[in-house]
Amino acid sequence: MWRGGSTGTLKNQELFWLEVRLEPCDGRLSRRVQRGGERSNPHSCGEVAQPDPIYRKAISFNPQNYQTHTNLAIALKKQQKFDETIIHNQRAIALKPNYALAWNNLGQIFKSKGNITAANRCYQRALQLQPNYDDVYNNLGNLAKEQDDLLAAKNLYEKAIELNPQNINAHFGRALILLKQGEFLPEFSEYEWRWQHKNSIAYS
């Protein structure tokens, strides 16, 4: 993300407001707005209206920012624009090859397109870069479950939970495996856990 000083020039002003719109909760930016006498941020904290064109504009200013490519890919995925999502994830990886998040995200897109081999390859690369990445273990568990390898799926979900006990998706996946295996009491405890945490943990 661009970090500017003065907002005197037109380009710097545009970059500054892109930054405010992309990071509406950044107190440092809010203080700069107040000091500069600028109008207030039109977006509420945590909400960005139409992030797709905002990220594209940010990339036009700085096409070498791997994080902006990743953010655009996430926005495009929500619109189910999978081919373009792949392009921007790949650009993020080209700019930062050891970026585990982009590898994981790319794996999710390949899975959505039914390319299980490519998805697995991306997940494995993400784990090489970040061995304690709980979301990747959860995603690998999903792959194993779809291939009816219930034991492998259960082990992968449990590894994700070991790394992050608050990973609700891994708890959900493990509960489904236990249900399929007929282990109703452990499965019930998983659903009870999810019910107790339903207001404090957001689904991904």
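Bear in mind these aren't lab numbers, they're just calculated from the coordinates by the rules spelled out. Predicted, not measured: the structure shown is a model, and the values here were computed from it.
The table below gives the values:
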{"read-out": "For the stretch 83-130, radius of gyration divided by Kirkwood radius, i.e. Rg to Rh on alpha-carbons", "value": "0.94"}
{"read-out": "Pairs beyond 21 Å (Cα-Cα), from K81/K145; K77/K145; K113/K180; K113/K159; K111/K154", "value": "K81/K145; K77/K145; K113/K180; K113/K159"}
{"read-out": "Whether the stretch 54-119 is rounded, prolate or oblate, judged on the alpha carbon gyration tensor where a/c under 1.5 counts as rounded", "value": "oblate"}
